[in-house]
């Protein structure tokens, strides 16, 4: 086996392992546990009932790729709870550091906003390319 064949096999194995974990639910379950640990350290009252969103940051905005019911475009992220008596813009998350990356968000969908949003994880170039490919996300 030459180096090129080995590299192709290695890349295919990584892709299949990622897709297998994603579709079996293991990735979402593991991320939910990570989200609980990170959120508990940051704020009180995180629950596993919060939704997980996968998307890509483009031009400082979060394009939702999964779940598909929200994959129609961009949403904004805020740290406030839905019932707080202040505008969501007052605690909007700055996504500049995640520009061009795939990220996973925990929070509550509020029609154009994700409330109590927490960035759980971000991916490098390989993961971002895989997320775009798996969810057919187009780069603009």
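In table form, for the structure just shown:
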| quantity | calculated |
| --- | --- |
| Order of 90, 122 - criterion: other Cβ atoms within 10 Å of each residue's Cβ, fewest first | 90, 122 |
| Least to most buried among 65, 126, 93, 77 (fewest other Cβ within 10 Å first) | 126, 93, 65, 77 |
| Relative contact order of region 82-140, pairs being alpha-carbon contacts under 8 Å that are 6 or more residues apart, as % | 29 percent |
| Distance in nm between pseudo-label sites at residue 7 and residue 81 (7 Å out along the Cβ direction from Cα) | 5.3 nm |
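Taken together, the values in this text are just the output of simple stated rules run on the coordinates, not laboratory data. These figures come from a predicted structure and were not determined experimentally. FYI the Cβ positions are ideal-geometry reconstructions off the backbone, even for glycines, and counts take in every protein chain you see.
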